Structures are given as C-alpha cells and as structure tokens.
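Asker: So that we are looking at the same thing, I have put the structure below in structure tokens.
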C-alpha cells in the first residue's frame, strides 16, 4: 500500500494519469492534512482527486498533529509532507508517492522507497498500459507542470525508448 502527499497526486491528475495508476495499484492512502491541502482550491485536478476519494480509491487516514510536528521542526518540510512521512512510519506501507524535494531527501535518509509522477508514467509504459507516444507526451506535460530539471526529464524520457 502506498501513501502520498498532494504533489504527486496533483501532477498525475493534471497529466490525466491518476486514474490509470489507481487501476494498477487499487488504492492510495493520504492523510487528512493532505486531503485538506487538496480541498483548499477548486481546480480540475483537485476535483479529480476528490472524486477518486469519494469512490474509495484514495483513502484518507487521520493523523494527529503531535505525530508530525517534530518532523516539521527538525526538517524543512511542509505539513502535508510531514504528515505523510509520519503516517508512513506508523503503519505498514510499501512506499511514498512524492515529488517534493525535501520529502525525497527525507526518504533517502531513512531508506524509504519513493516514487515520483514521472517514474509512474514510465511504470505505466513498461507495464504496457500506455504506449510510447502517450508516455513521452505525459512526461513532457509533467515537466511543464512540475519543477523538473532538464536532466531529470531527459533521464525519464530515455527510459521510454
């Protein structure tokens, strides 16, 4: 089971890949803090995430502030990312979905498996769920939506060859 912060879900929704990814993993868990971040704005991608939540494919788990406050104080990390990290530590999850640089650093420090939106597109391509042209298009869109360097974009693009 995977846990996510808001960034990767929003990027996947913008690239219209969230539903396809949920078809493969069946469900993702987010914290109540992450869900609150998502509901903050009525954008197209946030409405897609809300719909997936209502359908039960994205599950919400409540986490109390006391479990993630120390993470915020110790690391340069936002509330949603800290709550996802804290929930990961308290439950049995296989990894964290994140495109947040600080949470990625924290995952590396603690040897936690993490997955980004671009790597999910590559996974969908390698699983033959999307074709090469779609994968390349989605990677290009993600580069525009996210804060990916050309180096990162080219790395994932090369994986679709």
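Asker: Residue 94 versus (1) touching a residue at least 60 places away in the same chain (Cβ under 8 Å); (2) surrounded by 20 or more Cβ atoms within 10 Å (Cβ to Cβ): which is the lone unmet condition?
Answerer: Going through (1) touching a residue at least 60 places away in the same chain (Cβ under 8 Å); (2) surrounded by 20 or more Cβ atoms within 10 Å (Cβ to Cβ) one by one, residue 94 breaks only (2).
Asker: Which one of the conditions (1) assigned by TED's automatic domain parsing to the domain that holds residue 27; (2) in contact (Cβ under 8 Å) with a residue 12 or more places away in the chain does residue 108 fail to meet, given that it meets all the rest?
Answerer: It is condition (2) that residue 108 fails.
Every residue, every condition in (1) in contact with a helix residue (DSSP H, G or I) (Cβ under 6 Å, 6 or more places away or on another chain); (2) at pLDDT below 95, yes or no:
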| residue | (1), (2) |
| --- | --- |
| 64 | no, yes |
| 94 | no, yes |
| 110 | no, yes |
| 115 | no, no |
| 118 | yes, no |
| 123 | no, no |
| 136 | no, no |
| 140 | no, no |
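Asker: Continuing with the same structure: Which members of region 112-154 meet the condition of being under 27 Å from residue 88 (Cβ atoms), in contact (Cβ under 8 Å) with a residue 40 or more places away in the chain and more than 17 Å from the chain's Cα centre (by Cα)?
Answerer: Once the filter is applied, which keeps residues that are under 27 Å from residue 88 (Cβ atoms), in contact (Cβ under 8 Å) with a residue 40 or more places away in the chain and more than 17 Å from the chain's Cα centre (by Cα), region 112-154 yields 127, 129.
Asker: (1) closer than 28 Å to residue 159 by Cα; (2) out of contact with any helix residue (DSSP H, G or I) (no Cβ under 6 Å at 6 or more places or on another chain); (3) at pLDDT 95 or above: which one isn't true of residue 55, the others all being true?
Answerer: (1)
The values are calculated or read from the model by the stated rules, or taken from the named source; none is laboratory data. Given the structure is predicted, the values throughout are model-derived calculations rather than measurements. Positions of Cβ are backbone-derived with ideal geometry, glycine not excepted, and every protein chain shown enters the neighbour counts.
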